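Step one of this worksheet: look at the structure below.
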Amino acid sequence: DTAVSQTPKYLVTQMGNDKSIKCEQNLGHDTMYWYKQDSKKFLKIMFSYNNKELIINETVPNRFSPKSPDKAHLNLHINSLELGDSAVYFCASSLSGQNEKLFFGSGTQLSVL
Amino acid sequence: KQEVTQIPAALSVPEGENLVLNCSFTDSAIYNLQWFRQDPGKGLTSLLLIQSSQREQTSGRLNASLDKSSGRSTLYIAASQPGDSATYLCAVRLIFGQGTELSVKP
């Protein structure tokens, strides 16, 4: 059983399109995150949700909109995709109040042409 | 704002060598520090997590230490193997370092 799963694994699309990435965790965690890993492999946090509430919103264009329908899911919708959005997007989860150990999904490689 | 730095950016060693990877952070008011491994094209695998009250954690050939006062953590890998080749990342309260790309030559 995959603990943190993301779909799709690969996403190739044209500039200007709108796309979504889905994330689900079956660990019973209450906090979920989206990270972006750029071409230099640097991982930067984008958003964090705790119990469906947005708690971290880093400097991210408002074309990016996370949505958390429940504690086990955190989706990322991206409008009007740009070339610079090409990256690997990772979902992660943790349990607050514990040691907050992060568990990561396998990533979604987004290529904007 | 917390900043996390990892040195060196890349490291190449012969098989069997012991090695140390470094991670430094600017804000010592941390909750925990986590070391990860990332293989090319893959996700992140958690190696060790050290809570702020701990000084070190061990798992097999890996030992991670934490010195909050100096803002440093080290990951010690004993008797390195080619299978250890990967990028190693440290994270402090959701902030990641740039990683150290390790290559272990047979």
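Would you look at the GNM of chain B, springs on alpha carbons closer than 10 Å, and say which of B:P82, B:P14, B:P40 moves the most?
Between B:P82, B:P14, B:P40, it is B:P40 that shows the largest mean-square fluctuation.
Over chain B, what portion of Cα pair distances is larger than 17 Å, expressed as a whole percent?
48
Considering every residue in B:38-46, what mean count of other chain Cβ atoms within 10 Å of its Cβ is obtained?
Partner-chain Cβ atoms within 10 Å, mean over residues of B:38-46: 5.
Go ahead and run the numbers for FRET between B:R61 and B:S28, Cβ-Cβ distance against an R0 of 25 Å, rounding to 0.05.
FRET efficiency, B:R61 to B:S28: 0.35.
How large is the Kirkwood hydrodynamic radius of the range A:24-113, in angstrom, based on all distinct alpha carbon pairs?
13.4
State, to one decimal in nm, how far the label point of B:S12 lies from the label point of B:S53, with both points 7 Å from Cα in the Cβ direction.
The answer from the label model is 4.5 nm.
For A:A72 and A:V12 in one chain, what is 0.36 nm times their gap in residues minus the Cα-Cα distance, to one decimal in nm?
19.0 nm is the gain from fully extending A:A72 to A:V12.
What does the average come to when, for each residue of peptide A:27-40, you count the partner chain Cβ atoms lying within 10 Å of its Cβ?
Mean shielding by partner chains, rounded to a whole number: 1.
Would you order A:M46, A:M15 from fewest to most other beta-carbon atoms within 10 Å of each residue's own beta-carbon?
Ranking A:M46, A:M15 by Cβ neighbours within 10 Å, fewest first, gives A:M15, A:M46.
Which residues' amide hydrogens lie under 5 Å from the amide hydrogen of B:Q98, considering only partners 5 or more residues apart or on another chain, with H built in the peptide plane?
B:Q6
Multiply the residue separation of A:S65 and A:K41 by 0.36 nm, subtract the distance between their alpha-carbon atoms, and state the gained length in nm to one decimal.
This chain segment gains 6.4 nm when fully extended.
Just want to confirm a number: the relative contact order over chain A, from Cα pairs under 8 angstrom separated by 6+ residues, in percent.
36
Which order do B:V13, A:V112 fall in if you start with the one that has the fewest other Cβ atoms within 10 Å?
Going from least to most buried by this count: B:V13, A:V112.
Highest GNM mean-square fluctuation, chain A, Cα pairs closer than 10 Å: which of A:T31, A:T59, A:T13?
Judging by the Gaussian network model, the answer is A:T59.
Just need the Rg to Rh number for the protein assembly as shown, please, alpha carbons only, Kirkwood Rh.
0.98
Pairs of lysines 8 or more apart, or on different chains, with alpha carbons under 18 Å: count those in chain A, would you?
So the count works out to 16.
Once Lys and Arg get +1 and Asp and Glu get -1 on their Cβ, which of B:L11, A:Q14, A:N99 lies farthest toward the positive end of the dipole of the protein assembly as shown?
Going by the Cα projections, it comes out as A:Q14.
Given Cα pairs under 8 Å that are at least 6 residues apart, what percent is the relative contact order of chain B? Walk me through the numbers on the way to the answer.
On the way: 272 pairs, mean separation 40.5, N = 106.
That works out to 38 percent.
Report the label-to-label distance for A:S5 and A:L83 in nanometres (one decimal), using points 7 Å from each Cα along the Cα→Cβ vector.
Label-label distance for A:S5 and A:L83, simple model: 3.6 nm.
Every read-out reported here was derived from the displayed coordinates using simple, explicitly stated rules and does not represent laboratory data. Please read these numbers as outputs of a predicted model, since none were measured by experiment. Every residue, glycine among them, receives a Cβ derived from its backbone with ideal geometry; neighbour counts consider all protein chains shown.
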